[in-house]
Amino acid sequence: MVHKRKNHFYEGWLYHLFVDPALQRMRRMIGAQVEPGSTLIDIGCGTGELLFFLADMCSELVGIEASSRMWAYASKRVGAFSPVRILHGDGARLEDFSNGHFDYATACMVFHEMEESQRFPVLREMQRVARTLILVDYRVPPPTNIEASLCRLIERLAGKTHYGNYTSFARAGGLPFLLKAVDLTIQKEISFQKECFCLVKTHLNDT
Ligand SMILES: C[S@@+](CC[C@H](N)C(=O)[O-])C[C@H]1O[C@@H](n2cnc3c(N)ncnc32)[C@H](O)[C@@H]1O
């Protein structure tokens, strides 16, 4: 089932033109954490850029996207022989996939824009379908520099609801708070781009 969600003016080709180029470094950083030949699900895949970046090194790649505009744009970019599949759906409802189906579940710049009530259901589904989680988002607390102020301004310009979600994510403590609340231990944490963003990696133990 698709989580009911309003489309935003910047989704689709505008996002691809202006935002995707700025996030290439994040994709390279995520790619560096992924073992060749593995399987991966990307929640909130947007235009599918991370999946296309990983297409040559992974055996199965699934993107889940709640926005119909983003999903339609990403789907058009999938080639016939690609290991990439893009599904229109909600990251909190991954019932098509069994426990541990994937090696990795990723979410890049997704949790800060999610409604507060969605964050734990999505995180729990990611935990259920994959053993290793790789999340990238704003670092909390943000640094006091001009780059962080610019990020805040961009989030504000994306609209009132979007900005409300971003501020509630930051107030709640960002990714470390979310992971701690579901008993996930951070194995690796990398801050980058003037400390504005962080990548966190967690791995579920066998015990
Ligand atoms: C800022 S964009 C990031 C897109 C992409 N991950 C990237 O790195 O460019 C966040 C995306 O997450 C999607 N999203 C938010 N909540 C979601 C949910 N519960 N399930 C699936 N997608 C979701 C939004 O529709 C949006 O396209």
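The values are calculated or read from the model by the stated rules, or taken from the named source; none is laboratory data. Remember, predicted model here, so these are calculated numbers, not experimental data. A quick note on method: Cβ atoms are made from the backbone with ideal geometry, for glycine too, and the neighbour counts reach across all protein chains shown. For the accessible areas, the whole protein counts, side chains as well, though only heavy atoms, and no ligand, DNA or RNA atoms are used. Shrake-Rupley method; radii C 1.70, N 1.55, O 1.52, S 1.80 Å.
If you go through the stretch 15-34 and keep only what is open to solvent by 40 Å² or more (accessible area, probe 1.4 Å) and in a helix (DSSP H, G or I), you end up with TYR15, HIS16, LEU17, PHE18, PRO21, ALA22, GLN24, ARG25, ARG28. The conditions of being part of a loop (DSSP other than H, G, I, E, B), more than 10 Å from the ligand (Cβ to nearest atom) and open to solvent by less than 40 Å² (accessible area, probe 1.4 Å) are met by CYS58. For the stretch 68-83, the tally of residues that are within 14 Å of the ligand (Cβ to nearest atom) and of a type in the set (Phe, Trp, Tyr) stands at 2. Taking each residue of the stretch 17-32 that is in contact (Cβ under 8 Å) with a residue 60 or more places away in the chain and looking for partners that are surrounded by 12 or more Cβ atoms within 10 Å (Cβ to Cβ) and of a type outside the set (A, V, I, L, M, F, W, C) with beta-carbon atoms closer than 8 Å, six or more apart or interchain, yields LEU23/GLU49; ARG25/GLN193; ARG27/GLU49; ILE30/THR106. Taken together, LEU135, LEU157, LEU150 contain a single residue that is open to solvent by 20 Å² or more (accessible area, probe 1.4 Å) and within 24 Å of MET29 (Cα to Cα), which is LEU150.
Tallying residues that are surrounded by fewer than 24 Cβ atoms within 10 Å (Cβ to Cβ) and within 11 Å of the ligand (Cβ to nearest atom) within the stretch 121-132 yields 2.
Among residues that are at pLDDT 95 or above, near the ligand (Cβ under 10 Å from one of its atoms) and of a type in the set (Asp, Glu), GLU65 is included.
Here's the yes/no breakdown for (1) closer than 27 Å to ARG93 by Cα; (2) part of a helix (DSSP H, G or I); (3) modelled with pLDDT under 95; (4) more than 16 Å from the chain's Cα centre (by Cα):
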residue: ALA107; (1), (2), (3), (4): yes, no, no, no
residue: LEU123; (1), (2), (3), (4): yes, yes, no, no
residue: MET126; (1), (2), (3), (4): yes, yes, no, no
residue: ASP137; (1), (2), (3), (4): yes, no, no, no
residue: GLY164; (1), (2), (3), (4): yes, yes, no, yes
residue: ASP183; (1), (2), (3), (4): yes, no, yes, yes
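Counting only residues that are out of contact with any Leu (no Cβ under 9 Å at 6 or more places or on another chain) and either within 26 Å of GLU195 (Cβ to Cβ) or among the hydroxyl-bearing types (Ser, Thr, Tyr) (or both), the stretch 11-37 holds 10 of them.
Total residues in the stretch 84-99 satisfying the condition of being open to solvent by 40 Å² or more (accessible area, probe 1.4 Å) and either away from the ligand (no atom under 13 Å from the Cβ) or outside any strand (DSSP E or B) (or both): the figure is 6. Against the list (1) at pLDDT 95 or above; (2) within 18 Å of LEU23 (Cβ to Cβ); (3) under 17 Å from the mean Cα position of the chain (by Cα); (4) surrounded by fewer than 19 Cβ atoms within 10 Å (Cβ to Cβ), the condition GLU195 fails is (3). The single condition from (1) within 27 Å of VAL19 (Cα to Cα); (2) under 16 Å from the mean Cα position of the chain (by Cα) that ALA80 fails is (2).
Of all residues in the stretch 73-83, those satisfying the criterion of being in a loop (DSSP other than H, G, I, E, B) and not charged (D, E, K, R) are VAL78, GLY79, ALA80, PHE81, SER82, PRO83.
For (1) part of a loop (DSSP other than H, G, I, E, B); (2) open to solvent by less than 10 Å² (accessible area, probe 1.4 Å); (3) modelled with pLDDT under 95, each residue gets a yes or a no:
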{"position": "VAL2", "(1), (2), (3)": "yes, no, yes"}
{"position": "ARG5", "(1), (2), (3)": "yes, no, yes"}
{"position": "PHE9", "(1), (2), (3)": "yes, no, yes"}
{"position": "PRO36", "(1), (2), (3)": "yes, no, no"}
{"position": "ASP42", "(1), (2), (3)": "no, yes, no"}
{"position": "THR47", "(1), (2), (3)": "yes, yes, no"}
{"position": "LEU50", "(1), (2), (3)": "no, yes, no"}
